[in-house]
Amino acid sequence: MAANEPGQPGPLGPSPLSATELDTPSSALAVGAHPDDVEFGCGGLLAKWAADGCIVHHLVCTDGSKGTWDPDVDVAALAQRREVEQREAARRLAGANAGEVRFLRRVDGELDSDLDTRGEVARIIRELRPQVVLGHDPWKRYRLHPDHRHAGRLACEGIVAARDPHFFRDHGLVHHRPDALLLWEADTPDHAEDVSAFVDTKLHALAAHESQFESTMKAVDETQLAAFDQRIRNRLGDLGRPYDMDAAEVFKLIADL
Ligand SMILES: [Zn+2]
């Protein structure tokens, strides 16, 4: 019995996974808590779509100012550096089809999914009018980092507020309903995308986040960076194996928005 037969447990949970891939959207908006989260979560898919003409936008919710093990770091300088790195990562992922990179600039570790912040995300969705939105799965069990949970909620709840015309009428913008939402880090993913041809691009984009080599990639020299690359390749390979893909990124797909 094939491992991906409907009803069979997948490697990450009990949901049947569909390998049926989405058509390339005209535009996509990926919402991450910190600089680098988008590249980890869906960098391969964004690179694949961009290569097929999709305009790829980023929204980063926090300033990334706690992303270091150095207790004496200048946090303002770190936040500024991380914005530069994020713009470079977006360019590496999407090339000429890189869209906007927006920053909410909430303090790292203090992100909230309150009404005001939800309104800001909804405004950006109404301005950029993405066909697909991607974000952290806020329902991932036992997730410790509050920013990832709140960023996931902001993507979901921002869509609700953006799609219905009576929410945030003060925006003065036409409401916008995306076609689909893809959540990465899902406990029960049900959608796989083949990213075999875009693993190198994803790794190249991740490598733009040089300030994170020590704390996130656990890599301070070439050997350790190569080991990091190999860990990512192995993980994407593991995710793709049930679908006869050399590498995959998997998501919870919500297409009924
Ligand atoms: Zn993060």
Does Asp187 satisfy being of a type outside the set (Val, Ile, Thr), over 23 Å from Asp114 (Cα atoms) and not in a helix (DSSP H, G or I)? yes
Considering each residue of the range 142-181, count those that are more than 15 Å from Arg106 (Cβ to Cβ) and within 13 Å of the ligand (Cβ to nearest atom), and give that number. 2
Within the range 112-121, residues touching a helix residue (DSSP H, G or I) at 6+ places or on another chain (Cβ under 8 Å) and outside any helix (DSSP H, G or I) come out as Asp112, Ser113
Residue count, the range 69-121 (criterion: in contact with a His (Cβ under 7 Å, 6 or more places away or on another chain) and among the small types (Gly, Ala, Ser)): 4
Within the range 29-60, considering residues that are touching an Asp or Glu at 6+ places or on another chain (Cβ under 7 Å) and over 12 Å from Thr201 (Cα atoms), the one farthest from the ligand (Cβ to nearest atom): His57
Near pairs, Cβ below 7 angstrom, 6+ apart or cross-chain, from the range 177-205 (of a type in the set (Ser, Thr, Tyr)) to any residue that is modelled with pLDDT of 95 or more and part of a strand (DSSP E or B): Thr188/Lys252
Before we move on, is Arg169 closer than 23 Å to Gln131 by Cα, out of contact with any strand residue (DSSP E or B) (no Cβ under 8 Å at 6 or more places or on another chain) and buried (at least 18 other Cβ atoms within 10 Å of the Cβ)? no
Of the numbered conditions (1) surrounded by fewer than 18 Cβ atoms within 10 Å (Cβ to Cβ); (2) under 17 Å from Lys48 (Cα atoms), Leu203 satisfies every one except a single condition; which is it? (1)
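How about the range 190-230: which of its residues are among the β-branched types (Val, Ile, Thr) and within 17 Å of the chain's Cα centre (by Cα)?
Val195, Val199, Thr201, Thr216
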Scanning for something in contact with a Pro (Cβ under 6 Å, 6 or more places away or on another chain), without any contact (Cβ under 8 Å) to a residue 60 or more places away in the chain and in a loop (DSSP other than H, G, I, E, B), does the range 159-173 turn up at least one residue? no
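Give the residues of the range 130-141 that are without any contact (Cβ under 8 Å) to a residue 60 or more places away in the chain and within 16 Å of the ligand (Cβ to nearest atom), sorted by residue number.
Within the range 130-141, Pro138, Lys140 qualify.
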What number of residues within the range 210-248 are touching a helix residue (DSSP H, G or I) at 6+ places or on another chain (Cβ under 8 Å) and under 16 Å from Leu45 (Cα atoms)? 8
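The values are calculated or read from the model by the stated rules, or taken from the named source; none is laboratory data. Because the structure is predicted, anything quoted here is derived from the model rather than measured. Methodologically, a virtual Cβ is constructed for each residue, glycine included, from the backbone with ideal geometry; neighbour enumeration extends over all protein chains shown.
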